[in-house]
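Have a look at the structure below before the remarks.
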Amino acid sequence: MEKQVLESSVERTFQYQDSLPSLPVPPLDESLSKYLDAVKPFLNQEEYQRTEDIVKKFENGIGKELHQKLLERAKTRRNWLEDWWLNVAYLDLRIATQIHCNMGGAGPYIEHCWPPKDGTQIERACVNIWHTLNFWDLLRAEKVAIERSRDDVLDMSQFRMLFCTCRIPGVTRDSIGGYFKTATEGECPSHLIVLCRGRVFAFDAIHEGSMVTPPEIFRQLTYIQKRCHSEPDGPGVAALTSNERTKWAELREYLIDLDPKNLTLLEKIQRSLFVVCLDDSSPHATPEDYSEVTRLGLTGDPTARWGDKSYNSIFFSNGTCSAFCDHSPFDAMALITMLAYAEKKTLENEGKWKGSDKVRDIPWPEELVFTVDQKIIDEIGCTKELYYKKVSDLQLVNYAFTSFGKALIRKKKLHPDTFVQLALQLAYYKCHGRPGCCYETAMTRRFYHGRTETIRSCTTEAVEWCTSMLDPSHSNYERLQLMHKAFAKHDKMRKECENGKGFDRHLLGLLLTAQEQGLPVPELYTDNAFTASGGGGNFVLSTSLTGYTRFSGCALPMVQHGYGFFYSIRDDRIVATCSAWKSCPETDAEVLCRTVFQCFKDMLQLTVAAQL
């Protein structure tokens, strides 16, 4: 009988996890020929010849052996890349990941129900928290809709990391603590952490078996805020998460040695659903310019966010808000699904709570008081000083291009994402006089535990088109032909990457296989072409489409002389976030972003002019 009931009911969020296909290893010759194609724009004839020889030698020699070993690995794992990627891309990093790897983005509420307004911080936060808690509840019941791409079921495992997940620093490698459980799996932590003025509080989101309501959350947050505003600031232990990883790991050990109670408190933060940050700033924000709220969301007060937590919900004192996340457990799309759910529910109720105002007699929030000594206080001071020095070097703009959006681009039978990527290539070429190696994220969630693959947007076809746009001897007809060629190439690459036929992760797998076997690094990876074309994390343009919703997120540039360029595409506009480092004299995020917007117009113009 039980089985009957299940079969006739709706799909469960995680029900297809076990039947997803394994991540494939592409054929070696295909990956290497794609690699050769990708390095072309960055080499002259002689350099290309040399690289071609290196690649051929690799393919017939050590590469062949490494590929065989990789295929062996893939036989015993449903995702041969998963552990490697987590370690190499995230957990092994020793830099300050809170600054360099975390992702964040502004909430779009200022465009509809919540324009910036002082004194609204808590009432808005409690509505938003409540909708987020409902999403957690749906996830626990496995009622979050399974995502699909065309007809293919996508892997949903990243959703488990949205809640009750935290990165834990280690001396040589970090780890991820994941404490989320579905209702059938058992008990799941249900408390929230609130950070305010250097202090840390916790309260439970469930009281006597049912969820706290917005008026009850309001009572808890008001209690915390009143205390924080009338008493001295706390030590700001949260700031320590912004350190370089080994340093933070050592300070964490020191805290635990100082008083074992500190471990209990740290674990309470790690296990919490998510962190609510009450930030005293009032960032300026308009629907056309989110720069300040995005910048403060990513690099604001380090004592008011827990950098290792998979989700920090930041509310500023003028009622604007932002998300801030450790990137290691998931990619942006899982987060955006959750944020878009909360926004949809908020909009349905015009940003208000329409239920009962009754407040039950729930326990007051408890303060998590860390035992600190002078050394820790001094370290917090140094950490903050270092943090502010680093983030003051950040230049970030987040503007809306409002002349047109997805609707018009689709009408021209062009793919909106490719449209933005090619505009970015043209803009970089205009600003810097040379092609810019570019990393665009493709998602591989069609496969078990699939995450991402790299689309290398700077193709020979894109460069030929860029050159034609800057060369007055080319007719508009020729330019349009070249543009269509560049579009076709990009669209083909995206499809290949999403279907496990990219080459960057494959090349990484071969390199890591060599390392695990204690073999020397093959010449392919030490060749200048590898780095010049972006390999080994050297992409000058680090980019991603954050989807087609009102949410746009961003991360910082991958390299010192590079840019972060992240964008969301809506029917009537394209919202872009561009970041660079002020200390690099060649880069200017403002100029690049404005140039991209001009290129949007030029490209649309081309489709019209060439028809005349």
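Worth pointing out:
- The residues on offer are C188, C164, and the sole one that is open to solvent by 10 Å² or more (accessible area, probe 1.4 Å), touching a residue at least 40 places away in the same chain (Cβ under 8 Å) and in contact with a Phe, Trp or Tyr (Cβ under 8 Å, 6 or more places away or on another chain) is C188.
- For region 370-392, taking the residues that are among the acidic types (D, E) and either surrounded by fewer than 14 Cβ atoms within 10 Å (Cβ to Cβ) or modelled with pLDDT under 95 (or both), the one that is farthest from S552 (Cα to Cα) is identified as D373.
- Restricting Y179, Y254, Y223 to those that are aromatic (F, W, Y), at pLDDT 95 or above and closer than 26 Å to E385 by Cα reduces the list to Y254.
- Strands (runs of 3 or more DSSP E) wholly inside region 258-346 that include at least 1 residues being touching a Gly at 6+ places or on another chain (Cβ under 8 Å), of a type outside the set (D, E) and under 22 Å from Y388 (Cα atoms): 312-316, 321-325
- Residue identified as in the same structural domain as E65 (by the TED database), under 29 Å from G104 (Cα atoms) and crowded, with 19+ Cβ neighbours inside 10 Å among F487, F551: F551
- Screening R550 against (1) part of a loop (DSSP other than H, G, I, E, B); (2) among the charged types (D, E, K, R); (3) touching a Lys or Arg at 6+ places or on another chain (Cβ under 6 Å) leaves a single unmet condition, (3).
- Where a residue in region 346-368 is among the basic types (K, R) and its partner, wherever it lies, is modelled with pLDDT of 95 or more and open to solvent by less than 80 Å² (accessible area, probe 1.4 Å), with Cβ under 7 Å and at least six apart: R360/H207; R360/E216
- Some residue of region 42-64 being buried (at least 16 other Cβ atoms within 10 Å of the Cβ) and in a strand (DSSP E or B): no
- Taking region 68-119 as the range and being within 23 Å of the chain's Cα centre (by Cα) and in a loop (DSSP other than H, G, I, E, B) as the test, the residues that pass are N79, W80, L81, D92, L93, R94, I95, A96, C101, N102, G107.
- Cβ-Cβ under 9 Å pairs, at least 6 apart or on other chains, region 486-499 side touching a residue at least 24 places away in the same chain (Cβ under 8 Å) and over 11 Å from K34 (Cβ atoms), far side open to solvent by 30 Å² or more (accessible area, probe 1.4 Å) and assigned to a loop (DSSP other than H, G, I, E, B): F487/H415; H490/H415; D491/H415; R494/H415; N499/P24
- Residues in region 454-468 that are in contact with a Cys (Cβ under 8 Å, 6 or more places away or on another chain) and either in a helix (DSSP H, G or I) or within 14 Å of D37 (Cα to Cα) (or both): 4 in all.
- From the options A423, A407, residue that is open to solvent by less than 20 Å² (accessible area, probe 1.4 Å), farther than 30 Å from I206 by Cβ and either touching a residue at least 12 places away in the same chain (Cβ under 8 Å) or not β-branched (V, I, T) (or both): A423
- Region 557-583: number of residues that are more than 20 Å from L414 (Cβ to Cβ) and open to solvent by less than 10 Å² (accessible area, probe 1.4 Å): 9
The values are calculated or read from the model by the stated rules, or taken from the named source; none is laboratory data. All of these numbers come straight from a predicted model, not from anything done at the bench. A quick note on method: Cβ atoms are made from the backbone with ideal geometry, for glycine too, and the neighbour counts reach across all protein chains shown. When the accessible area is computed, the model is the full protein with side chains, heavy atoms only, and any ligands, DNA or RNA have been set aside. Shrake-Rupley method; radii C 1.70, N 1.55, O 1.52, S 1.80 Å.
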